[in-house]
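Read the structure below first, then the notes.
The values are calculated or read from the model by the stated rules, or taken from the named source; none is laboratory data. What you see is a predicted model, and the numbers here were worked out from it, not measured in a lab. Because the Cβ atoms are built from the backbone with ideal geometry, glycine has one as well, and the counts that use them run over all protein chains shown. Ligands, DNA and RNA are stripped out before the accessible areas are found, and what is left, the full protein with its side chains, is counted by its heavy atoms. Shrake-Rupley method; radii C 1.70, N 1.55, O 1.52, S 1.80 Å.
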Amino acid sequence: MRLLALPWMALSKPWRKWIGGGFAILLAALAIGGVIGHHNVAWAPHLGHVTAIAVCLFWAGVVSQSLLLAREAHHLRLPALNREVRASLALYALLTIALPALLLAGLGGHAAVMLTEIALGAGLGMAYATLPPYLGICVCFIPMLSDHAGPWLPMPSTSPDRFLAWAVPCTVLLWLLIGGFWRGAVRHDFGLSGSRKPILLNLRMQAWYGRNRGNAMETELIRRRARWMQPVADLQRCGPNHSMRSLRIAMGGWSMPQTPASRWRQLGVLLASMLLPILVIAVASHGDDVMRSIFNNAHMLAFGLCIVSAVLALAQVQTLQRRWSRHNAELPLLALLPGLGDAAHVKRELLLANLLPTFGIQAVLTLAMLVLAAGLHLGADSDTVLLLGQLTGISMLIAMDLVTLGGVQVRGGWLMALCTYGYLLVNLSVVLALPMFGDEVLIRHSDVAWVTAITWAGLLAPLLRLGVRGWHGFIARPHPFLPTMD
Amino acid sequence: MNAVLKETAHAIAPLAVHGLTHCYEGSNVLRGVDLALEPGSVLGLIGRNGAGKSTLIRAMLGLLEPLSGEARVFGEPALKLSDAAKARLAYVPQQPEALAWLSAQQMLDFVGRFYPRWDARFANQTLERWKIQPNKLLAKLSPGERQRVDLIRALASQPELLVLDEPAAALDPVARRELLREVALRAGESGTTVLFSTHIVSDLERVASEIAFLHEGRLILRCGVDDTKERYARLWLPASKSAAAPAQALSRRRHEDGSLSLVVERDAQDRWPEAANLPGARVDALGLEDLFVEIAE
């Protein structure tokens, strides 16, 4: 029992409850699926696939937590705990990989295929949590690859034997990789850099920093980042006569003025990391015609354009929130810096310094969206809904910037709920505006249009209210460099 | 006419607060603080952790909006300072963390553009003397190095008013000694008014001309550093005489045997309270550190 409980010990009580509940439901669904389909041999591959996904999630969310215990055991010199962690991993491998494979083989599945598929699933889950972020993130794209690589990559449902030919070596390699990184993460002390530190440890570090974690993480990121990756501020044209540009330098973040070389480097890394997965998927689905593949996925492009706009807005807001939460950093420096002008002038410049760089990029994204919509020959109603998707990012930026600068106290949960709502709305806009179900465009139905309008009002009304409250607070402040927390 | 204006300007306290109160999450941090700094003085603000020193300093400089009371810097409301007033003052917060994405040299270049009397030579020389790599990002410096860079930033602006919040907290003894020497030099030669908070009593004795003792949000003592031994003492009364203890005392502690220890102050006629003359009563001189401990305990 203790061996089974071991990885759960590294989770907090509420998380244990939520994750445990979720997996209990998933297990029940699988059991029901097994009972219903036990006469039908064709069910087994599908059940195997679903089981592999469930096991993947379980290893990513629960079993990987053993890494934390293994590290503690190593640092505190507790060999007994170390042995228990290893035994616990073996037990979970037996229970979640070997046992389901045996059961599925009993239902008519191919035993070796089932075992390989589930072991690969578990490995991917473990890899996500215990490999460095640049490798762990790639795991997120594997399910998309499996959807798009059907034409040339043998899958368990279509060609079981040929699946084994590539999946077995890949699975072995993956587990060897995990073993290597696991060993490194356990043995190295706290000197692992952010880029080499497994995602699990990075996330745990965020939890340790508590409320001020954004600032601590940012400093840590700068400290750990390779020299060539550091953004280099461009100090030309800053000073009392260039207050807006000076404020942008003082606030840092992605919108800080950078030297041209630094800007190109940053842009190159960003584009490479964004375009690479798209190209991999495009090549995997239509190796012969990549461009056709990209434009066949118009919904993905439209969604991407809206989401990038919202993410940019949130990144800018987060930077601002970080600056306005510390009273020993930029705020006192700026509050007492001569040459920025009177309060009214500096407020105006500060607001523009915060909004304009993001607005610029959002305008370009909106333009790209219009070009895409024109290319797809959508109607005015579809164009409007897609533009509303763009509006999410813009309205979030304005409202939340004003909330922060105006010192309005809003519960973090409330803002998080608004962001989630906005994210869902962006998804909804794309689904409604594009012909994703045959030739039919859902937004053309008047009842759907009405519901959509009401749903949008549900986001824009609270944002408007927050924006107005923030504006009043901002205007009432004697100067803008007062922290939010005081 | 100019002479009159100059005199008026000199009469204005560089830093003054009246009736300052503030609270965090319902608990009072400042309870009606009155304090004014004389031009050219070096005031050491002392108090235990959480006494309200940093909050008082931030309220004095207009870095937070107090619940009530007023703060003035060079005669101007602290929350609405003009550029001219800002150019005359420099502040170093506790554990400064500003502009982590710039190198030390970039930060000094950037900030220096805003100060009309910026001494770039001093900034460069001191960086070199204090062995701080100018091209290293601030985020990559140790807390002590970061504090020193911020001190250079403050001193290079040649301020008339220098406010330091626990400036020596992250410094090693050598750097601390250098900083104190620099502060004493500025005050002595340039007439810079200095306010610094600390709980290191030896630092106060080394440079401060005055001390102010903040305890639980109240300013309970203010006097010249050299006067403390003369003005304050510990009065010990045996149990049999403890009923005659004076009502006014800075601190009061009863021992297990019923005897009483109080920190008392001389009155306007330079006399100790009458209870000091009772048979069995004893008056002990207190050093600055003992005085601090007696009051804060």
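Before moving on, here are some points about what is shown:
- C-alpha long axis of helix B:120-129 to longest principal axis of chain B, angle in °: 70 degrees
- Only Cα pairs under 8 Å and 6+ residues apart enter the sum, and on that basis the relative contact order of chain B stands at 19 percent.
- Restricting the calculation to Cα atoms, the protein assembly as shown shows an Rg/Rh of 1.06 when the hydrodynamic-style radius is the Kirkwood one.
- Relative to the longest principal axis of the Cα atoms of chain B, the long axis of helix B:173-185 lies at roughly 90 degrees.
- Anchor residue B:140: aspartates and glutamates whose Cα lies under 15 Å away (excluding residues fewer than 8 positions away in-chain): A:218, A:220, B:97, B:150
- Sorted largest first by accessible area at a 1.4 angstrom probe radius, with every protein chain in place, the residues A:426, A:168 fall in the order A:168, A:426.
- Amide H contacts for residue B:195 (H built 1.01 Å from N in the peptide plane; partners 5 or more residues away or on another chain; cut-off under 5 Å): B:43, B:162, B:163, B:164.
- Sequence of B:292, A:481 from largest to smallest accessible area, 1.4 Å probe: B:292, A:481
- In a simple Cβ point-charge model (Lys, Arg +1; Asp, Glu -1; nothing else charged), the stretch B:227-296 has a dipole of about 200 debye relative to its Cα centre.
- Check: the stretch B:1-157 dipole with +1 on Lys, Arg Cβ and -1 on Asp, Glu Cβ, in debye: 480 debye
- Chains B and A, summed buried accessible surface - 1.4 Å probe, Å², nearest 100: 3400 Å²
- Ranked packing of A:82-92, B:14-24, most packed first, by mean Cβ within 10 Å: B:14-24, A:82-92
- Sites residue A:227 and residue B:289, calculated FRET efficiency, Cβ-Cβ separation with R0 45 Å, nearest 0.05: 0.45
- Distances between placed amide hydrogens fall under 5 Å for residue B:29 paired with B:22, B:23, B:24, all partners being 5 or more residues away or on another chain.
- Candidates B:71, B:170, B:187: whichever shows maximal mean-square fluctuation once chain B is modelled as a Gaussian network with Cα springs under 10 Å: B:170
- 3J(HN,Hα) from dihedral phi, the stretch B:253-259, Karplus parametrisation 6.51/-1.76/1.60, rounded to Hz, x for glycine, proline: 9, 9, 8, 4, 7, x, 5
- 3J(HN,Hα) from dihedral phi, the stretch A:168-176, Karplus parametrisation 6.51/-1.76/1.60, rounded to Hz, x for glycine, proline: 5, x, 5, 5, 4, 4, 4, 5, 5
- Residue-by-residue Karplus 3J(HN,Hα) for the stretch A:371-382, coefficients 6.51, -1.76, 1.60, Hz, glycine and proline x: 5, 4, 4, 5, x, 8, 6, 7, x, 4, 5, 5
- For residue B:212, the residues whose modelled amide H falls within less than 5 Å of its own, excluding neighbours fewer than 5 places apart on the same chain, are B:44, B:45, B:46.
- Label separation (residue B:174 vs residue A:183): 4.3 nm, computed from points 7 Å beyond Cα along the C-beta direction.
- Using heavy atoms of the protein chains and a probe of 1.4 Å, the accessible area assigned to residue A:8 is about 50 Å².
- Length-normalised contact order of the stretch B:227-296 in % [C-alpha pairs under 8 Å, at least 6 apart]: 42 percent
- Summing charges over neighbours of residue B:98, with a neighbour being any other residue whose Cβ is under 10 Å away from its Cβ, gives +1 when K and R count +1 and D and E count -1.
- The slack in the chain from residue A:94 to residue A:424, taken as 0.36 nm per residue of separation less the alpha-carbon distance, amounts to 114.9 nm.
- Near residue B:262: Cβ cut-off under 12 Å, other residues only, Lys/Arg at +1 and Asp/Glu at -1. The net charge is +3.
- Taking the Cα centre of the protein assembly as shown as reference, the dipole from Cβ charges on Lys and Arg (+1) and Asp and Glu (-1) amounts to some 1080 debye.
- Relative contact order of the stretch B:199-261, defined on C-alpha pairs under 8 angstrom at six or more residues apart (%): 23 percent
- Anisotropy class of the stretch B:227-296 from Cα gyration tensor, a/c 1.5 cut: oblate
- Efficiency of FRET between residue B:34 and residue B:247 - r from beta-carbon atoms, R0 25 angstrom, step 0.05: 0.70
- The residue among B:151, B:211, B:161 whose Cα reaches farthest toward the positive pole of the charge dipole of the stretch B:2-216, with charges on the beta-carbon of Lys, Arg, Asp and Glu, is B:151.
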